Amino acid sequence: MTNSFAEFSRAKMILAIGTNMTEAHPVAASFVKNATANGAQLIVVDPRRSGLADFATLHVPIRVGSDIAFLNGVMNVLITENLYDREYVETCCTGFEALRAKVLEYPPERSAEICGIEADTIREVARQLAAVKPAMLAYTLGITEHICGMNNVLSCANLQMLLGNVGLECGGVNPLRGQNNVQGACDMGALPNVFPGYQAVADPKARSKFQSAWNCGSLPDKPGIMMPQMLEGLLNGSIKAFYVFGENLANTEPDIHHVEKCLSSAEFLVCQDIFPTETTRFAHVILPAAAWSENDGTFTNSERRVNRVRTVSEPPGISKPNWWIFKQIAARFGQNWSSDSARELWDSEISQLAPSLAGVRYERLEGDGLQWPVPSETHPGTPLMHKDGKFTCGLGQLIPVDWIPPAEVPDEEYPFVLSTGRRLFHYHTRTQTGRALGLNELLGEETADMSPIDGAALGIQNGEMVRVKSRRGEVTVKANLTDRVPPGLIWMAFHFREGCANWLTNPAFDPVTQTAEYKACAVAVEKLPQA
Amino acid sequence: MKEETITLTVNGRDVKDRKIVGKKGQTVLEVCRDNGIYIPTLCHHPQMPPYGGCRLCIVQIDNMRGMPPACTTPAVDGMVVNTHTESVVRVRKTVLELLLAYGDHNCLLCDSNGDCELQNLVYEHQIEHIRFKTDFVPKPKDDSSPMIVRDHNKCVLCGRCVRACLNLQMNGAIDIAERGSNAYIATFNNTSLMDSVCVNCGQCVEVCPVGALTEKKAKGLGRAWEMEKVRTTCPYCGVGCQMWLHVKDGRITRISAVEEAQPNEGRLCVKGRFGYDFIYSEERLKTPLIRENGSFREASWDEALDLVAARFKEIIAKHGPDSVAGVSSSRSINEDSYQMQKLFRAGFGTNNIDNCART
């Protein structure tokens, strides 16, 4: 996030696109709702009438996967009606002419047809956004989980730069991270192309810095591969040994049949986890780890805030902290790592090696933590990025992008779009929430959420069992007829193994980010004989 | 806009020239609290709009009629306020007696014993007996929710739960139904909590000053005064809410939000507040396991780690370092991800390390 959660309730205009905040980020959603109570306008762009849409001044139900067409259409209006922030664009940004040329190819009428909405709605959104400054943009995985995920993100950034909203309080581009420490895992360099602090592995200077700090032989200069390529590698034999730490890939990745085939092809699979999962079934060795409240450490949230995690009890049996396990394996590779606690790892390694975290020390994290960049020990942290439009990279880059349809669109055989996500009462594959008393009572099974109009057409009553089928698999679940879902759409989550949406989802990926298109594939629905 | 300061005289009858400085726009209660002057309250909560319901914060103000509540009375420059006159204290005592008379306030039977604002106020005001007889008819408890127990008989109708639901979380699941001595907290259509639009975020429990709203899972696990509070960060979504773990004998008994903390400002959701006890599941992995003849057998750390190292070495020697790959956990602490990527880069010699960053 360029901005901070503290600004949400003070915002005057919020554009929430591809984010089911009331279920996936309920506390963040409460601040957005507070903003509306304080008089803010809220525009919710989502194919479903999500919980947040109940608070919106305008809900724009665009078709699944039409985000770029929509955003280009809005920018078309901003430019043709001269509503954009010309001064900001001229002084803070580069690439305006190319963006202009591109969005002029998307007059509202064309965009409206792609998005399945009225052209005047696009005009209305553009005019409302231009009328209130600053406007805040928030998105979640509805933007990224497409084969054009990266371009969706660029499009959001284009819009906010065109409106002059980046670098202002209560403005900015704000992706809400799905997991507690997904920001941190990236910051720490658990990515194939960068060391901790986003320093490129291809940069010889960075390599020599880490080589001397880690007191090791030469470090590899070629960026590694991403998770989907790893799974493919298991199948084609290029990856022989695979180490899965705290992920349940057998349920979370698209096309479970295929993923399980990949996992079972591993010559050697190590799983390090706190519970047996569907993924550990394929392991050759399972290493038991300490869990959340059995560790001292830090998480980094969506707003780049590094916060403390504290120990209240010992891990069960002989299970051990994860950092300890990695250290023992390193020792068997002839490396003697000296840090012997999370605190020591942070204070004497991470903060020394990652310039954006240089000023973060455990002793500074006792209260509300610190938001990076924190370049020095006296720096107070950075709640707002790119302040006043002064971008960290110099000028903000407007990058024109084109709309493309999802990789798989409905046809006669599979006439519905399936889109997926999370529900309020569970988290991911329920390894944790499924074992927390009471949450299964609040939500005990998966459903196929669909429009009552489609239900009527197929003769399906609310609560009846249906079969949902894609080219990759099928599940049997209860139908949940709800007018929050538009006709033509089926919506499911991935919390329950039985009825997991990932038996159906399409392993088609964004070519750059390798993010799967969880938000769109084609399915068929049929009524089952009722018991 | 520049903040205008105002000056009040509070309890100046006894302490001469006791000038109290506040900001224009503050209430009498806020000015007093900011200056360390105690006024008892029950319905007031700093995160929610003033309510003026309980009448415990009544004060006397020169040139004002009656006893206005400090929580809803705007502070004005030159105001002369007295917070503990004899008549104010007498009315407060009567209010407390009425509250005690109308309900079933038996601390022996209450989970909030030791963590109850009514209990504290009754003690503070040294109420020794209740002069009032009422026609109080007990209502059945609502324990339909797996998380929240509602006991109307312990409710003091302060309305904090209603405001927390409506003004903070903005779910609007509950409100005050009926009037006068018949008033009670109800869901829409007076259904059970489980059949209402309640999302079980537990914000109502968090703000309830008494034992009317309690946590089902915390029952019997320990008393308020036995708890050690440990601050930590929620393990679920990317908001990173700050929470207190209430710990007894190394076990989390319940979780509350850290008030005033960023980023959550005293709020939590259902997963954060109630989704902690997976930690104690019997299904936890407790020892390293090695696959043998199609099933897993227990192993020591040395055996398991030797095997992992030997197999990785063997594969790297035969197929090169890029034939191994790993996925780090975006659920676990930073330090774990740091160690894993270091192991892959410095130990194994490959950049084939990723996490589920983009999904």
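The values are calculated or read from the model by the stated rules, or taken from the named source; none is laboratory data. In this text the structure is predicted, and so the values were computed from the model without any measurement. Every residue, glycine among them, receives a Cβ derived from its backbone with ideal geometry; neighbour counts consider all protein chains shown.
Could you say which residue among B:205, B:230 is without any contact (Cβ under 8 Å) to a residue 24 or more places away in the chain and either in a strand (DSSP E or B) or more than 11 Å from every other protein chain (Cβ to nearest Cβ) (or both)?
Answer to the selection: B:230.
List every residue pair whose Cβ atoms sit under 7 Å apart, with the two residues 6 or more apart in sequence or on different chains, where the first one lies in region A:330-350 and is closer than 19 Å to residue A:294 by Cβ and touching a residue at least 24 places away in the same chain (Cβ under 8 Å) and the second, anywhere, is in a helix (DSSP H, G or I) and acidic (Asp, Glu).
Close Cβ pairs satisfying both conditions: A:342/B:335; A:346/B:335.
Any idea which of (1) over 18 Å from residue B:261 (Cβ atoms); (2) in contact with a Pro (Cβ under 8 Å, 6 or more places away or on another chain) is the one residue B:201 doesn't satisfy?
(1)
Identify, from the list B:70, B:101, the residue that is closer than 15 Å to residue B:54 by Cα and at pLDDT below 95.
After ruling out the rest, the residue left standing is B:101.
Just checking, how many residues over region A:296-313 are in contact (Cβ under 8 Å) with a residue 24 or more places away in the chain, more than 7 Å from chain B (Cβ to nearest Cβ) and in a loop (DSSP other than H, G, I, E, B)?
Count: 2.
Being surrounded by 21 or more Cβ atoms within 10 Å (Cβ to Cβ), touching a Leu at 6+ places or on another chain (Cβ under 9 Å) and not aromatic (Phe, Trp, Tyr) narrows it down to one of B:254, B:231, so name that one. Show your work before the answer.
On the way: B:231 fails: surrounded by 21 or more Cβ atoms within 10 Å (Cβ to Cβ).
Going through B:254, B:231 in turn, just one is surrounded by 21 or more Cβ atoms within 10 Å (Cβ to Cβ), touching a Leu at 6+ places or on another chain (Cβ under 9 Å) and not aromatic (Phe, Trp, Tyr): B:254.
Quick test for you: out of A:295, A:301, A:336, pick the one residue that is surrounded by 22 or more Cβ atoms within 10 Å (Cβ to Cβ) and more than 26 Å from residue B:227 (Cα to Cα). Walk me through it before giving the result.
Details: A:295 fails: more than 26 Å from residue B:227 (Cα to Cα); A:336 fails: surrounded by 22 or more Cβ atoms within 10 Å (Cβ to Cβ).
Going through A:295, A:301, A:336 in turn, the sole match is A:301.
Just to be sure before I move on: is residue A:39 at the interface with chain B (Cβ under 10 Å from one of its Cβ atoms) and either surrounded by fewer than 24 Cβ atoms within 10 Å (Cβ to Cβ) or at pLDDT below 95 (or both) in the structure I sent?
no
Filter region A:180-221 down to the residues that are of a type in the set (Ser, Thr, Tyr) and part of a helix (DSSP H, G or I) and list them by number. Even if it seems obvious, please write down each step before you answer.
From region A:180-221, those of a type in the set (Ser, Thr, Tyr) are A:198, A:208, A:212, A:218; that's our starting set.
A:208, A:212 - these are the residues of region A:180-221 that are of a type in the set (Ser, Thr, Tyr) and part of a helix (DSSP H, G or I).
Within the bounds of region A:172-179, is there any residue that is within 14 Å of chain B (Cβ to nearest Cβ), in contact with a Lys or Arg (Cβ under 9 Å, 6 or more places away or on another chain) and either in a loop (DSSP other than H, G, I, E, B) or of a type in the set (A, V, I, L, M) (or both)? Explain how you work it out, then say what you get.
We begin by selecting, within region A:172-179, every residue within 14 Å of chain B (Cβ to nearest Cβ); these are A:174-179.
Those still in the list that are in contact with a Lys or Arg (Cβ under 9 Å, 6 or more places away or on another chain) too: A:178-179.
Now narrow it down to the ones that are either in a loop (DSSP other than H, G, I, E, B) or of a type in the set (A, V, I, L, M) (or both): A:178-179.
Checked against the condition, which is being within 14 Å of chain B (Cβ to nearest Cβ), in contact with a Lys or Arg (Cβ under 9 Å, 6 or more places away or on another chain) and either in a loop (DSSP other than H, G, I, E, B) or of a type in the set (A, V, I, L, M) (or both), region A:172-179 yields at least one hit.
So how many residues does region A:354-372 have that are in contact (Cβ under 8 Å) with a residue 24 or more places away in the chain and either within 30 Å of residue A:115 (Cβ to Cβ) or surrounded by fewer than 21 Cβ atoms within 10 Å (Cβ to Cβ) (or both)? Break it down into steps so the answer makes sense when it comes.
Within region A:354-372, the subset in contact (Cβ under 8 Å) with a residue 24 or more places away in the chain is A:354-357, A:360, A:362, A:365-366, A:368-372.
Checking which are either within 30 Å of residue A:115 (Cβ to Cβ) or surrounded by fewer than 21 Cβ atoms within 10 Å (Cβ to Cβ) (or both) leaves us with A:355-356, A:362, A:365-366, A:368.
Counting residues in region A:354-372 that are in contact (Cβ under 8 Å) with a residue 24 or more places away in the chain and either within 30 Å of residue A:115 (Cβ to Cβ) or surrounded by fewer than 21 Cβ atoms within 10 Å (Cβ to Cβ) (or both) gives 6.
Of B:81, B:156, B:162, which residue is in contact (Cβ under 8 Å) with a residue 60 or more places away in the chain, in contact with a strand residue (DSSP E or B) (Cβ under 6 Å, 6 or more places away or on another chain) and among the β-branched types (Val, Ile, Thr)?
B:81
Is it the case that region B:146-163 has a residue that's within 14 Å of chain A (Cβ to nearest Cβ) and in a helix (DSSP H, G or I)?
yes
Quick one: in region B:266-282, of everything that is part of a loop (DSSP other than H, G, I, E, B) and facing another protein chain (nearest Cβ under 8 Å), which residue is farthest from residue A:21 (Cα to Cα)?
This residue is B:281.
For region B:284-349, list the strands (runs of 3 or more DSSP E) that sit wholly inside it and hold at least 2 residues that are at the interface with chain A (Cβ under 7 Å from one of its Cβ atoms), closer than 27 Å to residue A:428 by Cα and touching a strand residue (DSSP E or B) at 6+ places or on another chain (Cβ under 8 Å); which are they?
B:289-292, B:324-327
Return the only residue of A:168, A:163 being within 29 Å of residue A:92 (Cβ to Cβ) and crowded, with 24+ Cβ neighbours inside 10 Å.
Testing whether each residue is within 29 Å of residue A:92 (Cβ to Cβ) and crowded, with 24+ Cβ neighbours inside 10 Å leaves just A:163.
Taking the conditions exactly as written (touching a residue at least 40 places away in the same chain (Cβ under 8 Å), assigned to a loop (DSSP other than H, G, I, E, B) and more than 14 Å from chain B (Cβ to nearest Cβ)), does residue A:410 satisfy them or not? Full working, then the answer.
Working: touching a residue at least 40 places away in the same chain (Cβ under 8 Å): yes; assigned to a loop (DSSP other than H, G, I, E, B): yes; more than 14 Å from chain B (Cβ to nearest Cβ): yes.
Yes; evaluated as a whole, the condition is true for this residue.
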